[in-house]
Amino acid sequence: MSSFSVTEPSKGQKWFAGIVVVVYALVTLMPLVWIIATGFKSPADAIAYPPKIVYEPTLEGYVNLFTTRTRMTPEALEEIGPPQTWYDRIVRRYDMVISGPSRYGERFLNSIIIGFGSTFLSIFLGTLAAYAFSRYRVPLKDDLMFFILSTRMMPPIAVAIPIFLMFRQLGLSDTHLGMILLYTAVNLSLSVWLLKGFIDEIPIEYEEAALIDGYTRFQAFYKVVLPQATTGIASTAIFCLIFSWNEYAFAVLLTSGTAQTAPPFIPTIIGVGKDWPAVAAGTTLFLVPVMVFTILLRKHLLRGITFGAVRK
Amino acid sequence: MAQIVINNLRKEFGSFTAVQSSSFTIEDGEFFMLLGPSGCGKTTTLRMIAGLELPTSGQILLDGQDVAQMRASARDIAFVFQMFALYPHMNVRKNISYPLVSQGMARKDVRERVEEVARILDIGNILDRPVGGLSSGDRQRVALGRAIVRQPKAFLMDEPLGALDAEFRERMAEELRALHDRMGATTVYVTHDQLEAMQMGDKIVVMNHGVVEQFGTPQNIYDWPATMFVADFIGSPPMNFLHFEGAVKPGTGSIRLNDVEVAVPVQAGEASGKLALGVRPEHVVIDDNSPVRGIVTATEYLGTTQIISVATQGGNLKVRAPSSRIVGVDSQVGLSFRQGALTIFDTKTGRAVLSEANREVLSHG
């Protein structure tokens with residue numbers, strides 16, 4: 001196979017590879033750039049055609065995202081007096097005053113509680129289950145593993161109606177607990193399978209050495225296996241978080257108030273006067289936690305910590 | 001330091017019996033080898049002594065106390081793994097101190113003990129290095145350090161030299177033996193390498209198919225194998241077998257090997273039918289006056305000695321002779337056997353027939 005050269009790639013090949021990467025990055029990053037840019041446009045600039053590349057940035061979208069506003073008559077405005085703060089000044093251009101905070105903060109917090117809560121629970125249960133499947137003789141192990149995976153063989157929304165009815169019956173509708181349990185249930189199959197793969201790769205000798213060094217089985221698990229599994233746990237956690245963070249269909253169906261997450265909330269902003277910049281601003285901020293989480297766990301994603309400690 | 005008595009130890013995995021009723025005694029301070037081909041149950045036996053497997057039945061007496069069903073951590077035994085199993089997320093010092101930390105020893109004492117072990121093993125300069133980048137020899141020493149730092153009742157080693165390069169192996173084997181002699185610690189060592197076992201062990205247990213074939217000092221096992229398996233497994237080249245039909249009974253002093261009379265040690269046991277005469281290559285002498293004849297098929301030069309392959313009526317055999325003895329391939333030679341070093345095997349059972357020569361060695365085991 002001549003195309004698989006063992007020598008250094010030639011200059012031309014390097015250039016070609018570089019171009020492919022750049023084109024790919026442009027294609028995938030374009031929508032993101034668009035959204036971030038739109039967040040800083042005025043409503044008029046946001047829907048301008050052809051799209052404006054150069055525009056005067058404004059925080060209007062962000063102000064609108066976090067506030068509710070009321071239009072007032074010029075007389076009433078005169079009575080209030082001139083705007084006091086920078087955000088007051090922005091809304092005053094449209095003869096409006098800020099009448100209170102919007103629901104975005106709450107919804108965002110709901111997303112954080114539900115997203116991280118279900119991720120934690122998926123990882124916690126998934127690690128224990130994966131360890132048991134990896135190390136113990138579990139009766140019907142293969143069947144159980146297949147059964148766990150089979151919950152992923154249909155789109156989760158296929159069971160929306162039964163879940164909707166169950167949640168109503170159990171009083172879990174529109175509760176944080178309900179959403180955490182639901183997302184955990186969906187994520188668990190993924191986390192058990194992924195983590196089992198990672199734990200299988202950790203040589204059992206480490207635990208045996210710990211057992212002989214005077215530790216109990218559980219101590220060996222959390223002092224020796226867990227540190228070795230951080231790579232797997234980190235990547236699994238990222239997958240779980242991304243799923244529960246972005247989940248839309250169940251959130252629309254099962255939450256409306258107290259436990260509503262950001263994804264079903266953001267589109268409702270549009271209703272208030274085609275406010276695309278506010279939607280874009282909400283989406284931009286919504287990206288931040290997953291990005292931060294991924295960056296924080298990035299170093300654990302790099303393999304190689306076990307390199308060389310056991311000779312294969 | 002401790003004496004370990006293995007009493008009728010048995011381990012079954014489902015329907016497969018890995019170890020069948022083994023019994024042997026490891027004396028205090030002994031360097032004890034568990035030897036056998038892979039799958040013979042030696043590692044399972046070692047893991048049962050360590051507490052990593054629980055026996056199906058039988059006793060493991062550690063200084064008189066039955067520990068067979070006790071947790072590994074409660075046995076005070078150290079284990080050196082073939083693949084070292086150093087904790088990869090800790091540096092050398094932490095790896096070595098880990099067993100002490102689990103006992104809740106004071107930090108200052110831990111430090112002292114680790115330094116002392118590092119001195120013994122000459123690894124003081126790498127104490128603060130991560131284990132990832134170490135050479136296999138250093139990793140081996142760290143694994144040993146983790147074992148000796150605890151001053152346990154016994155050391156168990158599962159082919160600890162198996163992962164090393166051939167040249168390094170020799171040196172580590174010497175170091176291990178020297179370390180053992182200095183500390184006088186009871187050591188149980190698993191290997192499939194008969195040379196390693198002979199070279200390092202005070203006593204050897206030879207296992208096959210989960211059965212203890214023979215138990216004794218390297219020399220006794222080499223000179224007086226209890227079974228054809230042991231005779232064949234130990235020694236390089238292994239013991240020769242010359243097959244013949246006949247019968248021996250107590251008092252028999254010679255056998256008829258294909259119509260030639262061969263003197264053997266006075267027999268103490270009884271056997272008949274298909275028998276085999278076992279003789280080590282160095283106990284066969286090229287002797288042109290002997291009536292046992294054979295054709296030389298090959299010679300293999302080994303420096304001071306050579307191995308001569310000879311085809312005889314009773315089968316092929318190998319002769320270890322001085323290199324100075326010149327024999328041509330395809331030439332006919334006569335062979336004589338050193339009477340005092342011969343063993344007769346019953347090929348039906350594979351066991352050696354007792355004689356005046358091997359009686360003392362074989363009857364106690």
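Values quoted throughout were computed directly from the atomic coordinates according to the rules given, and no laboratory measurement underlies them. Note that the structure is a prediction, hence the values are computed from the model and not measured. All Cβ positions, even for glycine, are placed from backbone atoms using ideal geometry, and neighbour counts span all protein chains on display.
Taking all Cα pairs closer than 8 Å and separated by 6 or more residues, the relative contact order of chain A comes to 26 percent. Each label point was placed 7 Å from the Cα along the Cα-to-Cβ direction; for B:Phe13 and A:Trp34 their separation is 5.8 nm. Charge dipole of the stretch A:105-301 (Cα centre as origin; +1 on each Lys and Arg Cβ, -1 on each Asp and Glu Cβ, all else neutral): 200 debye, rounded to the nearest 20. Checked against a 21 Å cut-off, the cross-linked pairs A:Lys52/A:Lys274; A:Lys223/B:Lys94; B:Lys42/B:Lys318; B:Lys11/B:Lys203; B:Lys11/B:Lys42 give Cα-Cα distances beyond that limit for B:Lys42/B:Lys318; B:Lys11/B:Lys203.
When each of A:Trp34, A:Trp193, B:Trp224 is scored by the number of other beta-carbon atoms lying within 10 Å, the sequence from fewest to most is A:Trp34, A:Trp193, B:Trp224.
Net charge dipole, the protein assembly as shown: roughly 1580 debye, given to the nearest 20, about the Cα centre with Cβ charges of +1 for Lys and Arg and -1 for Asp and Glu.
Can you give the helix-only mean residue ellipticity at 222 nm for chain A, where every DSSP H stretch with n ≥ 4 adds -39500 (n - 2.57) and the sum goes over all residues, rounded to the nearest 500 deg cm²/dmol?
Working: 15 runs with 207 residues, N = 312.
Dividing the helical sum by the residues of chain A leaves -21500 deg cm²/dmol.
If we count other beta carbons within 10 Å of each Cβ, what is the order of A:Phe66, A:Phe265, fewest first? Please list the in-between numbers first.
Values: A:Phe66 19, A:Phe265 22.
Lowest count first: A:Phe66, A:Phe265.
Projecting the Cα positions of B:Gly41, B:Ser23, B:Ile6 onto the charge dipole of the stretch B:3-52 (unit charges on Cβ atoms of Lys, Arg, Asp and Glu, taken about the Cα centre) puts B:Gly41 furthest along the positive direction.
Would you tally the net charge around B:Thr227, using a Cβ to Cβ cut-off of less than 11 Å, leaving B:Thr227 out, and scoring K and R as +1, D and E as -1? Don't skip to the end; give the middle numbers.
Values: positive: B:Arg351; negative: B:Glu213, B:Asp232, B:Asp346.
The answer is -2.
When the Cα positions of A:Leu253, B:Ile120, A:Ile114 are compared along the charge dipole of the protein assembly as shown, A:Leu253 comes out farthest toward the positive end, with charges on each C-beta of Lys, Arg, Asp and Glu.
B:Arg119 to A:Leu109: FRET efficiency via 1/(1 + (r/R0)^6), r the Cβ-Cβ distance, R0 60 Å, to the nearest 0.05?
Rounded to the nearest 0.05, the efficiency is 0.55.
Karplus-derived 3J(HN,Hα) values for the stretch B:211-217, using 6.51 cos²θ - 1.76 cosθ + 1.60 with θ = phi - 60°, are 10, 6, 7, 7, 9, x, 6 Hz; glycine and proline are entered as x. Summing charges over neighbours of B:Ala263, with a neighbour being any other residue whose Cβ is under 12 Å away from its Cβ, gives +1 when K and R count +1 and D and E count -1. A helix-only calculation puts chain B at -7500 deg cm²/dmol for mean residue ellipticity at 222 nm, using -39500 (n - 2.57) for each DSSP H run of at least four residues, averaged over all residues. Taking 0.36 nm per residue of separation and subtracting the current Cα-Cα distance, fully stretching the chain between A:Asp200 and A:Thr294 would add 31.4 nm. Taking amide hydrogens as placed 1.01 Å from N in the peptide plane, the amide H of B:Asp287 sits under 5 Å from those of B:Gly334, B:Leu335, B:Ser336, each at least 5 positions away in sequence or on another chain.
Between B:Met207 and B:Leu35, B:Gly36, B:Glu213, the built amide H atoms are under 5 Å apart, and every one of these is 5 or more places off in sequence or on another chain. Per-residue 3J(HN,Hα) values for the stretch A:11-24, derived from phi via the Karplus relation 6.51 cos²θ - 1.76 cosθ + 1.60 with θ = phi - 60°, read 4, x, 5, 4, 4, 4, 4, x, 5, 4, 4, 5, 4, 4 Hz in sequence order (x marks Gly and Pro).
Our summary gives chain B a relative contact order of 16 percent, counting only alpha carbon pairs under 8 angstrom and 6 or more residues apart.
Under 1.5 on a/c is rounded, so check that first for the protein assembly as shown, then, if it is not, pick prolate when a/b is larger than b/c and oblate when it is not; a ≥ b ≥ c are the square roots of the alpha carbon gyration tensor eigenvalues.
Here the protein assembly as shown falls in the prolate category.
Using only the alpha-carbon atoms, how far is helix A:276-301 inclined from the longest principal axis of chain A? Give it as 0 to 90 degrees, nearest 10. In chain A, helix A:276-301 runs at an angle near 20 degrees to the longest axis. With K and R counted +1 and D and E -1, the other residues having a Cβ less than 9 Å from that of B:Gly58 yield a net charge of +2. Here the Karplus relation 6.51 cos²θ - 1.76 cosθ + 1.60, evaluated at θ = phi - 60°, turns the backbone of the stretch A:235-245 into coupling constants of 5, 5, 4, 5, 4, 4, 5, 4, 4, 6, 5 Hz, with x for every Gly and Pro. Annotation: for a label point projected 7 angstrom from Cα along Cα→Cβ of A:Tyr49, residues of the stretch A:276-294 with backbone N closer than 17 Å are A:276. In this Cβ point-charge picture (+1 for Lys and Arg, -1 for Asp and Glu), the stretch B:218-307 has a dipole of about 180 debye about its Cα centre.
In this structure, the amide hydrogen of B:Val80, modeled 1.01 Å from its nitrogen in the peptide plane, lies closer than 5 angstrom to those of B:Leu156, B:Met157, B:Asp158, counting only residues at least 5 positions away or on a different chain. Can you tell me how the stretch A:1-127 classifies by the Cα gyration tensor, rounded, prolate or oblate, using a/c under 1.5 as the rounded cut? Judged from the Cα gyration tensor, the stretch A:1-127 comes out oblate (a/c at least 1.5, b/c at or above a/b). Counting neighbouring beta carbons within 10 Å and listing from fewest to most, the residues B:Val260, B:Val19, B:Val248, A:Val292 come out as A:Val292, B:Val260, B:Val248, B:Val19.
Which residue, A:Ala160, A:Ala130, A:Ala209, has the most motion in a Gaussian network model of chain A that connects Cα atoms within less than 10 Å? Looking only at A:Ala160, A:Ala130, A:Ala209, the biggest GNM fluctuation is shown by A:Ala209. Placing dummy labels 7 Å off each Cα toward the beta-carbon, the span from A:Arg217 to B:Lys108 is 3.9 nm.
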